[in-house]
Amino acid sequence: MRHFATCTLCEAICGIVVETEERRVVSIRGDADDPFSRGHICPKALGLQDVYDDPDRLTRPVRRDGASWTEIGWDEAFDEVARGLRAVQRAHGNDAVAIYLGNPTVHSLGAMLFTPTFVRALRTKNRFSATSVDQLPHHLVASVMFGHQLLLPIPDIDRTQHLLILGANPAVSNGSLMTAPDVVQRLKAIRARGGRVVVIDPRRTETAALADEHHFIRPGTDALLLLAVLHTVFGEGLERVGRLQPSCDGLDEVRRLASGFPPERVAGACGLAAGTIRDLARAFASAERAVCYGRLGVSTQAFGALACWLVNVLNIVTGRLDEPGGAMFTRPAVDLVGTRGFVGPGHAGRWKSRVRGLPEFAGELPVAALAEEIDTPGEGQVRALVTSAGNPVLSTPNGRRLERALLSLDFMVSIDFYINETTRHAHVILPPTSPLERDHYDLVFHVLAIRNTAKFSPAVFTREPEARHDWEILNALTWRLRAPRGWARARLEASLRRALGPRRLLDYAIRVGPYGAGLRPRGAGLTRRRLEAQPHGVDLGPLEACLPARLCTPRRRIQLAPQAWVRDVGRLERLLDRSDGDDTLSLIGRRDLRSNNSWMHNSSRLVKGPRRCTLRMHPGDAAARALDHGARVRVRSRVGVIETDLEVTDEVMPGAVSLPHGWGHDREGTRLTVAGAHPGASINDLTDDASLDALSGNAAFNGVRVTVERAGT
Ligand SMILES: Nc1nc2c(c(=O)[nH]1)N[C@H]1C(S)=C(S)[C@@H](COP(=O)(O)OP(=O)(O)OC[C@H]3O[C@@H](n4cnc5c(=O)[nH]c(N)nc54)[C@H](O)[C@@H]3O)O[C@H]1N2
Ligand SMILES: Nc1nc2c(c(=O)[nH]1)N[C@H]1C(S)=C(S)[C@@H](COP(=O)(O)OP(=O)(O)OC[C@H]3O[C@@H](n4cnc5c(=O)[nH]c(N)nc54)[C@H](O)[C@@H]3O)O[C@H]1N2
Ligand code: SF4
Ligand SMILES: [Mo]
């Protein structure tokens, strides 16, 4: 059988063709007829088969007894989980149960539709997710400037003539907050039509190799660079807000702020010459169509919210927002922004974390606070944890502390199909079906795409009778969490939700969306069924200007100079006096095409080849430490120490070292046969749960101070 499906591993949503025989995958290749991905896939798509076939993958619930696991029935498992969580809440209050939602949540239709009700049923303020080790500053800035956390400006790379990239490596990551399948060809096309690609990154990346220009920047100093670029723009009269000027508040305030940051003042701190900064500004401002795009490298650092804000400010003051070839908003078939009741606009500071007093955003606390909420005794201490589609021991800062904290929990449940570094601590694991076994429509990544497209892919394999989808698991737990008194009603609601299922809920969302057929049975326009009839997906056209109408702020205004941001510039200024006059280096992250966060390392096809978890260091820094290429090194930070192999290369700037995340599979008690044979070390044994972006609470992964020496000395 031939199935047209969608790869759900990263944000690129590539169309795939899956050939099957009975319940076996024969092959996976790119779908040349997918109008968006045009046949492109990367090596990870084959990993979908490996996950499906993986003998280590759980298909039935398991209960832990000390170090051993026993399969149990679904109802028994659900009852036990509900009992465990309710017992903790009865004894210690609702907030004693915490929840962590990992990244694959947003890649699953079922999880996206059924997680919110489940989380509400927990009635806890201790909600965490991978957002705060990733893109939280982007959402916070969007909510403050444009009025909705999902009003994220997307770089219109298919039409731009000048792409300025800060802290993103789409040639490897395949694009983030920029769904752009086949992104390498799209980047090459910019240059082919006479445009320019400029990359600012402490490492000369795979994306830099495709660019016209690359400049090193000292980790964590992007906000300074952007202020100096703005200084040049304003100082040389290159500003041109254009059509949106009447909708903008705070332009003078931004001009005043930038006037304090001439390029000469920031050059030393950033590691870029003042002349280079001026040239960057002039080239950007004078290009016919230009867009500045900043991603993980600028959001996971100590000034993440400032940097994300300034990227938007630069686009706005040079007239690039909401213009073709600039930074635009999408009009997706399921409009999470415009449809009430889906995703809220994003509130901040309604409550604070117990120990450090960190503010919530959009109902979640920064995950860097999770370990301390578990290991700090006192009223309101977290004593039970739910993890769903996450591996925070490897993916959040100071993973060792979290790992120790997990040992002390009264109860833990994980919704996951692997016994990994995190879930091995659970008392019960509830495994959902794997990606090829479920229907897919991308609720999230169509919202973040460089073109408006829509696609529904039915499951390649129907689920085995004894397996459960993630949404079925979430739904079954939801009603059981109610106190026995509310059960009858909760059960009724749950069976209603079950009867609807993701397909009908999706149909409703498409029908009420911007291209939808409405609620009449025969209305013209999109429905789920009509999408299914076009298995390669439909193209709904390029991004279109939509401001100020689409703004969600009061009176539809753009807030250019939010007060908290203006104040935070004071903290940034202190960077200018910092000197690293010691032997420490600045640690940054790295991604690899054949690796996907922490969870695809159990595929032999993906982990084969050269070792990927290596520390990369500039030759000058290596020589100063008498270290050779290939040496075994010990890397130490305030919170921990790891050992790894050294690669000496001038692709990394002097003073910085680069290490990928998601490794560290040598922990005991996991069931990851292949990953265990390629363990690597976890960068998050070094990253610091005390180092956050002060404004957003996002983890500051980039710029961690470390020392490096030969192992065994
Ligand atoms: N192959 C693969 N693809 C993936 C993933 C994966 O694990 N593997 N993960 C997916 C996920 S969850 C995400 S969020 C996206 C992320 O996608 P991207 O945002 O493209 O993330 P990275 O590839 O980590 O690129 C971040 C870049 O920032 C640079 N950097 C570090 N510190 C700084 C700094 O202070 N300033 C500047 N200017 N640059 C800095 C790093 O050197 C790196 O090149 O990728 C997704 N795609
Ligand atoms: N130092 C450093 N740390 C980082 C980063 C970095 O660049 N540097 N990147 C950060 C980023 S961008 C992210 S997004 C996070 C990711 O952080 P996490 O989301 O915590 O980690 P993942 O490695 O994505 O783990 C996903 C888990 O979900 C399971 N899983 C996969 N598919 C499904 C599914 O359909 N349903 C369920 N229930 N489970 C599933 C997998 O088995 C795995 O256990 O890591 C962050 N951590
Ligand atoms: S780029 Fe690779 S991992 Fe991402 S969606 Fe496409 S095939 Fe899947
Ligand atoms: Mo991410």
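The values are calculated or read from the model by the stated rules, or taken from the named source; none is laboratory data. Keep in mind it's a predicted model, so treat the numbers as computed, not measured. All Cβ positions, glycine included, derive from the backbone under ideal geometry; neighbour counts span all protein chains shown. In case anyone asks, the SASA skips ligands and DNA or RNA and just uses the protein heavy atoms, side chains included. Shrake-Rupley method; radii C 1.70, N 1.55, O 1.52, S 1.80 Å.
Key figures for this structure:
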read-out	value
Hey, residue 591 open to solvent by 30 Å² or more (accessible area, probe 1.4 Å), within 16 Å of ligand 4 (Cβ to nearest atom) and closer than 30 Å to residue 184 by Cβ or not	yes
Meets criteria (outside the structural domain of residue 44 (by TED's automatic domain parsing), β-branched (Val, Ile, Thr) and free of Cβ contacts under 8 Å to residues at least 60 places away in the same chain) for residue 614	yes
The listed residue being touching an Asp or Glu at 6+ places or on another chain (Cβ under 8 Å), buried (at least 23 other Cβ atoms within 10 Å of the Cβ) and of a type in the set (Val, Ile, Thr), out of 311, 291	291
Subset of the range 104-160 that is without any contact (Cβ under 8 Å) to a residue 40 or more places away in the chain and either over 29 Å from residue 501 (Cβ atoms) or charged (D, E, K, R) (or both) - its residue that is nearest to ligand 1 (Cβ to nearest atom)	120
Of all residues in the range 530-546 being of a type in the set (Gly, Ala, Ser) and part of a loop (DSSP other than H, G, I, E, B), the one that is farthest from the chain's Cα centre (by Cα)	533
Selection status of residue 75, among the charged types (D, E, K, R), modelled with pLDDT of 95 or more, surrounded by 19 or more Cβ atoms within 10 Å (Cβ to Cβ) and outside the structural domain of residue 606 (by TED's automatic domain parsing)	no
Residue in the range 415-423 that is within 11 Å of ligand 2 (Cβ to nearest atom), open to solvent by 10 Å² or more (accessible area, probe 1.4 Å), outside the structural domain of residue 683 (by TED's automatic domain parsing) and in contact with a strand residue (DSSP E or B) (Cβ under 8 Å, 6 or more places away or on another chain) present	yes
Condition met for residue 203 (farther than 24 Å from residue 323 by Cα and either in contact (Cβ under 8 Å) with a residue 12 or more places away in the chain or hydroxyl-bearing (Ser, Thr, Tyr) (or both))	yes
Considering residues of the range 691-713 that are assigned to a loop (DSSP other than H, G, I, E, B) and not small (Gly, Ala, Ser) only, the residue surrounded by the fewest Cβ atoms within 10 Å (Cβ to Cβ)	713
Checklist (1) modelled with pLDDT under 95; (2) in a helix (DSSP H, G or I); (3) of a type outside the set (Val, Ile, Thr) applied to residue 570, failing item	(1)
Candidate set: the range 1-30, residues that are assigned to a loop (DSSP other than H, G, I, E, B) and away from ligand 1 (no atom under 16 Å from the Cβ); chosen: the one surrounded by the fewest Cβ atoms within 10 Å (Cβ to Cβ)	22
Subset of the range 483-538 that is of a type in the set (Ser, Thr, Tyr) and open to solvent by 20 Å² or more (accessible area, probe 1.4 Å) - its residue that is farthest from residue 468 (Cα to Cα)	515
All positions within the range 161-176 that are farther than 20 Å from residue 225 by Cβ, more than 6 Å from ligand 1 (Cβ to nearest atom) and in contact (Cβ under 8 Å) with a residue 60 or more places away in the chain	161, 175
Any hit, the range 679-690, residues being part of a helix (DSSP H, G or I), surrounded by fewer than 24 Cβ atoms within 10 Å (Cβ to Cβ) and out of contact with any strand residue (DSSP E or B) (no Cβ under 6 Å at 6 or more places or on another chain)	no
Residue 356 touching a helix residue (DSSP H, G or I) at 6+ places or on another chain (Cβ under 6 Å), in a loop (DSSP other than H, G, I, E, B) and without any contact (Cβ under 8 Å) to a residue 40 or more places away in the chain	yes
The range 90-142, subset among the polar types (S, T, N, Q) and open to solvent by less than 20 Å² (accessible area, probe 1.4 Å), residue nearest to ligand 3 (Cβ to nearest atom)	108
Candidate set from the range 594-606 (those that are farther than 24 Å from residue 134 by Cα and within 16 Å of ligand 1 (Cβ to nearest atom)); member that is surrounded by the most Cβ atoms within 10 Å (Cβ to Cβ)	603
Elements of type helices (runs of 4 or more DSSP H) in the range 243-329, at least 1 residues being touching a residue at least 12 places away in the same chain (Cβ under 8 Å) and under 17 Å from residue 231 (Cα atoms)	251-258, 263-270, 274-286, 304-317
Single residue of the range 219-242 satisfying the filter (assigned to a loop (DSSP other than H, G, I, E, B) and either over 25 Å from residue 700 (Cβ atoms) or in contact with a helix residue (DSSP H, G or I) (Cβ under 6 Å, 6 or more places away or on another chain) (or both)) that is nearest to ligand 4 (Cβ to nearest atom)	221
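To keep it simple, each residue is scored yes or no on (1) away from ligand 2 (no atom under 12 Å from the Cβ); (2) touching a strand residue (DSSP E or B) at 6+ places or on another chain (Cβ under 9 Å); (3) in a loop (DSSP other than H, G, I, E, B).
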{"residue": "605", "(1), (2), (3)": "yes, no, no"}
{"residue": "623", "(1), (2), (3)": "yes, yes, no"}
{"residue": "644", "(1), (2), (3)": "yes, yes, no"}
{"residue": "675", "(1), (2), (3)": "no, no, no"}
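This table checks each residue for (1) crowded, with 23+ Cβ neighbours inside 10 Å; (2) within 22 Å of the chain's Cα centre (by Cα); (3) small (Gly, Ala, Ser).
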{"position": "322", "(1), (2), (3)": "yes, no, no"}
{"position": "336", "(1), (2), (3)": "no, yes, no"}
{"position": "352", "(1), (2), (3)": "no, no, no"}
{"position": "395", "(1), (2), (3)": "yes, yes, yes"}
